[in-house]
Amino acid sequence: MTQLTLCMPSNRNLRNSAGAIETALIYADKRDCLLVVSDNSGDAEKRARYENSSPRLTYVVPDGENALQNMAYALSHVETDFLLPMGDDDEIYGLDDREPFDFANLPDDVIGVRPQTFVWTNDKGVQRADRFSITAEDPGSRLLEYNEKARGNNGLYYSAYRADLFKNLFSLFSKAHPTRGGYCDWALSFALCAAGKFLHDPSTIYRYDLGRWAKGQNLEATKASVYVQAGLPDTADRFSALLRFIDTHVFVTSLPLSDQQRQNALMTNARLALRTFLQEVAQAPDQYDPEVVYLAELTGQTPDLTSAFQISLLMADRLQEGLAGKYVRFVQAAGGVV
């Protein structure tokens with residue numbers, strides 16, 4: 001029985017996406033899995049090449065050019081128990097000398113299977129390879145484990161997940177998040193680590209194209225542009241740790257965890273992300289609104305996580321007026337209270 005679907009929202013033209021699609025089709029044939037391509041590129045040549053081209057490929061064309069809607073449309077065509085999100089500039093390979101991973105008998109506490117992830121640039125080739133798993137027993141320890149092992153790269157996002165869990169989390173993000181920004185991938189990955197363990201599949205290589213993130217001298221501008229594209233000020237990168245704290249907090253609130261597990265994850269998230277933001281404000285107070293400096297100091301003196309979260313929303317509102325109210329609605333959509 002087919003267990004896995006590669007899920008690829010695609011906006012690039014045929015020339016720039018063929019490598020991703022062709023390697024995914026070869027992988028699907030080798031590993032008895034499926035591929036969904038939701039293509040909003042409008043490229044007629046690409047459509048002619050791939051529509052009805054393979055029994056393993058579901059090629060669909062959504063309405064409009066919205067990236068989140070494109071991903072949601074791709075996800076809506078996944079019917080297998082597991083899915084692997086894939087970028088249309090990345091590539092995937094199955095190694096012939098390795099036994100294919102068995103998705104049929106995974107323990108219930110495993111929610112993800114990560115391939116060998118090769119971080120790649122067009123100019124320099126493979127920059128690093130990540131092969132780690134996330135296997136700590138409790139959610140908070142898994143957050144700490146990922147924070148230590150990731151080393152600034154979120155390649156873990158491109159893993160195979162239990163489809164229902166990933167779909168539900170993405171649906172919450174796409175329908176209710178205040179900005180739906182591309183910077184939220186880190187918060188999504190931390191939340192997924194809280195949800196369960198990740199095992200390693202040594203038989204699969206995922207080549208992640210670093211793309212614009214590889215341009216060292218333009219890195220700060222690139223980071224700022226991600227927030228601007230989400231409708232936030234170009235100074236939002238200074239608030240990145242705060243936004244990650246808030247987003248991860250809300251995502252974890254929505255997960256099917258016990259109260260003890262959820263509290264464990266929420267407290268660890270505060271230690272990792274909120275503490276980082278408070279330290280950044282303390283070290284460079286001139287970079288922030290005086291009210292943010294005051295609220296950060298107040299948060300540092302607040303032992304109660306609920307109160308600290310509420311104050312964090314006030315700091316977010318100083319980044320952009322009205323953001324706090326939008327986050328309150330996001331929390332409510334996740335089934336939490338503020």
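All of ARG98, ARG128, ARG114 fail the test of being among the basic types (Lys, Arg), outside any helix (DSSP H, G or I) and buried (at least 18 other Cβ atoms within 10 Å of the Cβ), apart from ARG114.
Of all residues in region 157-189, those that are in a helix (DSSP H, G or I) and either of a type in the set (Phe, Trp, Tyr) or under 11 Å from the mean Cα position of the chain (by Cα) (or both) total 13. The numbered conditions (1) crowded, with 18+ Cβ neighbours inside 10 Å; (2) closer than 28 Å to ALA333 by Cβ; (3) within 13 Å of the chain's Cα centre (by Cα) are all true for ASN154 except (1). Taking GLU137 as the residue in question, decide whether it is assigned to a helix (DSSP H, G or I) and either under 26 Å from PRO256 (Cβ atoms) or open to solvent by 10 Å² or more (accessible area, probe 1.4 Å) (or both). Criteria not met by GLU137.
Within region 236-270, restricting attention to residues that are free of Cβ contacts under 8 Å to residues at least 60 places away in the same chain, part of a helix (DSSP H, G or I) and small (Gly, Ala, Ser), the residue that is farthest from HIS177 (Cα to Cα) is ALA270. If you go through region 310-330 and keep only what is open to solvent by less than 60 Å² (accessible area, probe 1.4 Å) and either more than 18 Å from ALA176 (Cα to Cα) or of a type in the set (Val, Ile, Thr) (or both), you end up with ILE311, SER312, MET315, LEU319, VAL328.
Pairs are defined by a Cβ separation below 9 Å, a sequence spacing of at least 6 or placement on different chains, a first member in region 190-207 that is under 18 Å from THR248 (Cβ atoms) and part of a helix (DSSP H, G or I), and a second member that is of a type in the set (Lys, Arg) and open to solvent by 20 Å² or more (accessible area, probe 1.4 Å); the pairs so defined are PHE190/ARG244; ALA194/ARG262; ALA195/ARG162. Meeting the requirement of 3 or more residues that are within 22 Å of the chain's Cα centre (by Cα) and in contact (Cβ under 8 Å) with a residue 24 or more places away in the chain, the helices (runs of 4 or more DSSP H) wholly within region 1-79 are 14-31, 67-75. Regarding region 49-63, can at least one residue be identified that is closer than 20 Å to ALA163 by Cα, touching a Gly at 6+ places or on another chain (Cβ under 9 Å), open to solvent by 40 Å² or more (accessible area, probe 1.4 Å) and of a type in the set (D, E, K, R)? No, every residue in region 49-63 fails to be closer than 20 Å to ALA163 by Cα, touching a Gly at 6+ places or on another chain (Cβ under 9 Å), open to solvent by 40 Å² or more (accessible area, probe 1.4 Å) and of a type in the set (D, E, K, R). Residues of region 199-221 that are at pLDDT 60 or above and either loosely packed, with under 12 Cβ neighbours inside 10 Å or of a type in the set (A, V, I, L, M) (or both): LEU199, ILE205, LEU210, GLU220, ALA221.
The values are calculated or read from the model by the stated rules, or taken from the named source; none is laboratory data. Please read these numbers as outputs of a predicted model, since none were measured by experiment. In this analysis, Cβ positions are derived from the backbone assuming ideal geometry, glycine residues included, and neighbour counts consider all displayed protein chains. When the accessible area is computed, the model is the full protein with side chains, heavy atoms only, and any ligands, DNA or RNA have been set aside. Shrake-Rupley method; radii C 1.70, N 1.55, O 1.52, S 1.80 Å.
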